[in-house]
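One structure is given below, encoded as structure tokens.
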Amino acid sequence: MCIRDRSNTSGQNLAVSPTDSDINNFGCVSPYSIVDNDVVVIKIGSNSLLGADGKSLDEEYMKKIADQVSVLMKDHGKKVVLVSSGACAVGVQTMGMSEKPESVEECQALSAIGQIHVITKWERAFAPHKLLCSQLMLTHHDFNIRSSCKNLIATLRVLFQWGIVPIVNENDPIATSELTVGDNDRLAALLSSQVAAKHLLLLTDINGLYDADPRFNPEAKKLDIIEAVTKTMLNAAGGPGAKGRGGMRSKLESARFAAACGVCAIIAHSREEQVVLRTILDENSQIGTKILPVPWEQPADDEVNERRRWIACKRTTGVVTVDQAGEDNFMARGDINTDHIVEHEGTFGAGDTVEVRDTSGHEIGRGVTSFGNGSFGDHSHEVAIGCDDLAILEPPRPNTTH
């Protein structure tokens, strides 16, 4: 099997094959799983990638990121995935527009135009390090369907074996409301959960989370470590930036999701000196805000772990609200019986994934239901969501570290 030499800038297509030493340096454990590998997912937003003019890509900055990624891969054996925004913003600049249009179709077309420029600039940034890039354009469908998700993981496994740097973006030109992830913060979190990443680094134009809005409160203090993202934090977070679709709330939601899947998430300023190396290699670094992974005790069965991570990222088709006993069982990774369900919303059938909420309306996780929304009453005292068919998105409570 051959791949294009991305470090070649002559315009010729040169075919190269990975050497045995390349493969041995990036080994994995199974055809689909990337468990026990030191994977780092780095997401860089549009505001961070653009230069001082706010329109064109900052190639010098991209080279600095590539320098640090090279060190992680070559000197520390890390496997790095870059989730890169910027396609639509670059498309706007390429087409000579003054601002991004409101039309969805035009924005999708601009993303198609800009994406080729984004990947080309990343190729140039990694070329001095003799690192090749690959491009993956994803939608939520790639995570929602089990076979597609496994194929994605298998592809990444081979790319890691060959020492390739995957450059990932949402497939905006073809994404519909049913398929879209929403923004690259969420895409990076989904990806980090499925590859069992050790770190998710969300680079932005803010240097972390504060206990108050630093723009209006000069005494606001940065939070260095968060053990759990709370509803209060989410409600206080802001919206998207000028050039992108994410925002602090999106980053907190993504960090919360990743932490629930065992990933350490970090929100940091993209222009902090050596930010990638300092946040990933120094456990005591106080750069940005670190959201600790939820300390769940993992079952020995890797297949159960993979299935739970997959359920966590599936799109839900309904909501079930459980009583206190059901909530306690859920948090203890036990079965939820039909008797525990006090309310349900939406239209769903057996085998669909539903959002599980407590009686206050707060989402505590997701699960695959055994029955449709109209048949719970016909199955009294039966298992509605089995213990292997649930994914918890909340930190463990006392006596719930199963």
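The values are calculated or read from the model by the stated rules, or taken from the named source; none is laboratory data. Quick caveat: nothing in here was measured; it's all calculated off a predicted structure. Heads up, the Cβs are rebuilt from the backbone with ideal geometry, glycines too, and the neighbour counts pull from every protein chain shown. With ligands, DNA and RNA removed, areas are computed over all heavy atoms of the protein, side chains included. Shrake-Rupley method; radii C 1.70, N 1.55, O 1.52, S 1.80 Å.
Database remark: amide H of Ala265 closer than 5 angstrom to the amide H of Leu200, Ile291 (H placed geometrically; neighbours at sequence offset of 5 or more, or on other chains; Pro and chain starts carry no H). Of the solvent-accessible surface of region 313-402, computed with a 1.4 Å probe over protein heavy atoms with every protein chain present, carbon and sulfur atoms account for 44 percent.
Highest-first packing order for the peptide set 335-348, 305-318, 78-91 is 78-91, 305-318, 335-348, based on the mean count of other beta carbon atoms within 10 Å. Database remark: amide H of Leu223 closer than 5 angstrom to the amide H of Leu209, Tyr210, Asp211 (H placed geometrically; neighbours at sequence offset of 5 or more, or on other chains; Pro and chain starts carry no H).
Any chance you could check the Cα centroid distance between region 343-394 and region 104-169 for me, in angstrom? Computed from Cα coordinates, the inter-centre distance equals 34 Å. The HN-Hα couplings worked out from phi for region 56-72 by the Karplus form 6.51 cos²θ - 1.76 cosθ + 1.60 (θ = phi - 60°) are 9, 5, 8, 5, 5, 5, 4, 5, 5, 5, 4, 4, 6, 4, 4, 5, 4 Hz, whole numbers, x standing for Gly and Pro.
What the phi angles of region 205-222 give under the Karplus curve with 6.51, -1.76 and 1.60, with θ = phi - 60°, is a coupling list of 9, 10, 8, x, 9, 10, 7, 7, 6, x, 5, 10, 10, x, 9, 4, 10, 6 Hz, glycine and proline written as x. Projecting the Cα atoms of Met137, Ala127, Ser84 onto the dipole axis of region 48-137, where Lys and Arg carry +1 and Asp and Glu carry -1 at the beta carbon, places Ala127 farthest toward the positive end. The stretch between Glu363 and Ile225 holds 47.4 nm of extra length on full extension. This uses 0.36 nm per residue minus the Cα-Cα distance. With a Förster radius of 45 Å applied to the beta-carbon distance between Ala154 and Glu105, the computed FRET efficiency rounds to 0.85.
Suppose R0 equals 22 Å; then what is the FRET efficiency for Arg315 and Leu234 from their Cβ-Cβ distance, rounded to the nearest 0.05? Could you put the intermediate results ahead of the total?
On the way: r = 20 Å, r/R0 = 0.91.
For R0 = 22 Å, the calculated efficiency reads 0.65.
Placing pseudo-labels 7 Å out from each Cα toward the beta carbon at Phe216 and Arg278 gives an inter-label distance of 3.0 nm. Placing unit charges on the Cβ atoms of the charged side chains and taking the dipole of region 253-392 about its Cα centre, the candidate lying farthest along the positive direction among Thr289, Ser380, Thr321 is Thr289.
Sequentially through region 251-266, phi angles give Karplus couplings (6.51, -1.76, 1.60; θ = phi - 60°) of 5, 5, 4, 5, 5, 4, 5, 4, 4, 5, 9, x, 9, 7, 9, 10 Hz, Gly and Pro residues having no value and appearing as x.
By the gyration tensor of its Cα atoms, with a ≥ b ≥ c the square roots of the eigenvalues, what is the shape of region 255-334: rounded for a/c under 1.5, prolate for a/b over b/c, or oblate?
Working: a/c = 2.47, a/b = 2.16, b/c = 1.14.
Here region 255-334 falls in the prolate category.
When a 1.4 Å probe is rolled over the protein heavy atoms, the share of accessible surface on region 47-178 that falls to carbon and sulfur comes to 51 percent.
Using 0.36 nm per residue and subtracting the Cα-Cα separation, the extra length available between Lys55 and Asp378 on full extension is 110.4 nm.
Just to be sure I understand the curve: with the Debye formula and one point per C-alpha of region 103-240, what is log10 I(q)/I(0) at q = 0.10, 0.15, 0.21 Å⁻¹? Reported log10 I(q)/I(0), two decimals: -0.47, -0.98, -1.32.
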